[in-house]
Every structure is written in structure tokens, then in C-alpha cells.
1. Under 8 Å by Cβ, and 6 or more places apart or on different chains, what pairs join a residue from the range 198-225 that is closer than 23 Å to residue 175 by Cα and of a type in the set (Ser, Thr, Tyr) with one that is in a helix (DSSP H, G or I) and more than 12 Å from the ligand (Cβ to nearest atom)?
2. Please specify each residue of the range 208-232 satisfying the condition of being surrounded by fewer than 22 Cβ atoms within 10 Å (Cβ to Cβ) and either over 16 Å from residue 14 (Cα atoms) or near the ligand (Cβ under 8 Å from one of its atoms) (or both).
3. Within the range 165-194, track down each residue that is buried (at least 19 other Cβ atoms within 10 Å of the Cβ) and out of contact with any strand residue (DSSP E or B) (no Cβ under 6 Å at 6 or more places or on another chain).
4. Look through 271, 258, 293 and report the one residue that is open to solvent by 50 Å² or more (accessible area, probe 1.4 Å), among the charged types (D, E, K, R) and at pLDDT below 85.
5. Can you find, within the range 16-35, the residue that is farthest from residue 180 (Cα to Cα) among those that are open to solvent by 10 Å² or more (accessible area, probe 1.4 Å) and within 9 Å of the ligand (Cβ to nearest atom)?
6. Could you go through the range 243-252 and let me know if any residue there is of a type in the set (Gly, Ala, Ser) and within 14 Å of the ligand (Cβ to nearest atom).
Amino acid sequence: MTLGEAISSTWRDRFAPSPTGPLHLGHAFSALTIWEAVQRENGQFLLRIDDIDTGRSRDHYVTGIFDDLAWLGVEWPTPVMRQSDRRPRYATALQTLIDLGICYPCSCSRRDIQTALSAPHHRPESFLHNVTEIYPGTCRSRSIEDAGPDDTIRLDMRKAIEKLGGENAVGKISYRDIGAQHAGTHFLNVRQLLYAHGDIVLARRDIKTSYHLSVVVDDRDMAVSHVSRGEDLFGSTQIHRLLQTLLDIAPPIWNHHRLIKDEAGHRLAKRDKARSLCELRQSGYSPDWVRKRLGLL
Ligand code: GLU
């Protein structure tokens with residue numbers, strides 16, 4: 001049985017907050033969307049703590065996540081996966097990509113990249129269309145053998161696409177979305193991969209992995225059948241789908257859901273502390289009030 005067949009039999013979805021701030025109503029919507037689906041489908045709600053960014057993650061926010069979810073009535077199996085425990089898994093996946101010959105070390109700082117992009121001599125190399133790339137490719141010719149401890153590791157997007165057979169092969173890699181706004185089958189878009197994402201970072205110099213790489217490895221190891229997340233991550237899904245293909249990982253089904261906005265129509269952010277679930281709880285609001293506010297009752 002392949003992993004794809006194995007994971008399709010049970011509905012398993014995960015809620016994967018980063019403990020870099022208190023949860024707000026947007027997180028509650030995500031968690032409750034998953035919770036309701038797994039209840040309906042007799043599936044499983046999995047919790048993961050995305051604390052790979054150790055500089056910004058805080059333990060008291062992890063405790064807050066457990067408290068808020070329990071208050072909402074959500075249940076999850078333990079032990080809970082924590083990204084900070086899983087560095088060897090990410091290192092193995094990174095090595096697989098390195099062995100494919102599609103990675104290179106990069107020493108550019110953010111400032112170097114900005115300067116290169118704004119320089120008058122910078123012209124996007126026309127691979128498909130004349131659109132500016134995100135990363136100007138300064139270090140692209142460097143060999144992975146020369147990687148030093150302070151280098152970032154980047155994916156050479158062109159080589160990755162070529163590895164999959166070029167434009168046609170990528171166009172055939174599809175994925176399903178069941179979210180109301182994006183429902184249907186989507187295909188990887190070469191132009192988008194090259195020019196909207198470009199040579200993405202696979203391993204940051206500080207944490208030796210990245211959001212994209214870690215999430216793809218974790219979702220595989222959790223054997224999730226579904227990935228529910230806000231539609232702000234719709235673009236990231238393309239990258240995840242590409243990495244899954246390169247790493248030979250069967251794709252889950254995505255559910256990109258709507259984002260919760262405040263009264264002024266702005267997307268909720270972690271810094272919007274007044275809207276934290278903890279505050280609502282302490283001010284006497286009920287989980288049912290939260291469900292009503294989110295349009296779930
Ligand atoms: N940890 C990510 C976040 O808090 C979400 C995980 C994902 O769905 O990729 O935004």
C-alpha cells in the first residue's frame with residue numbers, strides 16, 4: 001500500500017499554530033473548521049506546534065494554545081508534535097533535495113537582495129516571461145560543496161522544474177482544494193513558481209530548515225489526509241506541492257478557508273491582542289459566542 005492509499009482512508013487534518021503570539025478568532029475559525037470536519041467524517045484532529053522559529057516562539061504561548069483549544073471544546077491526541085524536536089527529519093529531507101542537485105548555498109543578506117533587485121543593471125533572465133524574480137540569483141552558480149555554516153540553502157527553482165521534466169511535467173502535477181473559494185483541481189504553474197516564488201529558502205542559516213520544508217515533512221510524518229489553512233497560504237501550497245513531488249510525498253487534499261476580519265475589514269493579526277481568545281475567555285465570552293461570531297452556528 002502506498003502512503004497515498006494509506007492516508008486517504010481516514011480524514012486526518014491538523015491545526016498547526018506557531019506559538020509566537022496569542023491565538024485569535026482567525027485561529028479559532030481554522031481549528032473549529034477542522035474540528036467540525038473530523039467530527040462529521042469520523043476522522044482525527046491533530047495538533048502540531050510550529051515552533052521551529054525558536055527566536056520568536058515562547059512556551060507560554062504553547063500553554064495558551066492548549067488552554068484556548070480546550071475551552072473551544074476541541075480534543076487532540078498526545079504527545080503533540082513540536083517542530084523544535086524534529087530537526088533531524090528536516091535535515092534528512094534537505095539532504096534528499098541536495099542529492100538531487102537542485103540546491104545551492106547563499107550568503108546574501110536581505111539588504112544584498114534588495115540592492116541587487118533595485119540595481120539598474122538587474123534584468124530578469126527571460127526563462128518564460130519578462131517578470132522580475134524574487135531572488136536575483138546572485139549565489140546561484142555556487143556549488144553546494146562550498147556551503148559554509150553561515151549560508152542559507154536555496155532551491156534552484158529552474159533546476160527543480162527541469163528535474164520534473166520542465167513546463168509540461170509541472171503542469172501535470174495537480175492538487176485538490178475543497179475550500180469554498182478555491183474548490184476544484186489546481187495545477188502547478190511554472191511561471192508562478194519561477195517568478196512569484198523563485199529560488200526559495202529551504203534552510204535558513206539560523207534554524208537550518210524553513211517553514212516550507214518543515215511543514216511538508218511534518219504533514220507527511222503525521223500522515224494527514226487534509227490540510228486546512230487560511231487562504232493567505234494559498235501561494236505557499238504551490239511550493240509545498242512542488243517539494244512533495246521532489247520528495248516523493250503523496251499530496252493531501254487542501255481546504256483553504258476564508259480569513260476572519262475585524263469590524264474595519266482588516267485581517268486579524270497576532271499583534272491585535274484585544275481579539276485574543278484568552279482575552280475573550282477572561283472577559284466572559286462563551287465558546288458559543290465565538291462560533292456565532294465566526295458564522296459557525
Ligand atoms: N504554522 C503556520 C502558521 O501559523 C500554519 C501551518 C500551515 O498550515 O502551513 O501560519
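1. Once the first residue is closer than 23 Å to residue 175 by Cα and of a type in the set (Ser, Thr, Tyr) and sits in the range 198-225, its partners that are in a helix (DSSP H, G or I) and more than 12 Å from the ligand (Cβ to nearest atom) give 214/90; 225/7; 225/8.
2. 208, 211, 230, 232
3. Selection gives 170, 188, 190, 193, 194.
4. 271
5. 20
6. No; the residues of the range 243-252 include none that is of a type in the set (Gly, Ala, Ser) and within 14 Å of the ligand (Cβ to nearest atom).
The values are calculated or read from the model by the stated rules, or taken from the named source; none is laboratory data. Source: prediction; values computed, not measured. FYI the Cβ positions are ideal-geometry reconstructions off the backbone, even for glycines, and counts take in every protein chain you see. Only protein heavy atoms, including side chains, enter the accessible area calculation; ligands, DNA and RNA are left aside. Shrake-Rupley method; radii C 1.70, N 1.55, O 1.52, S 1.80 Å.
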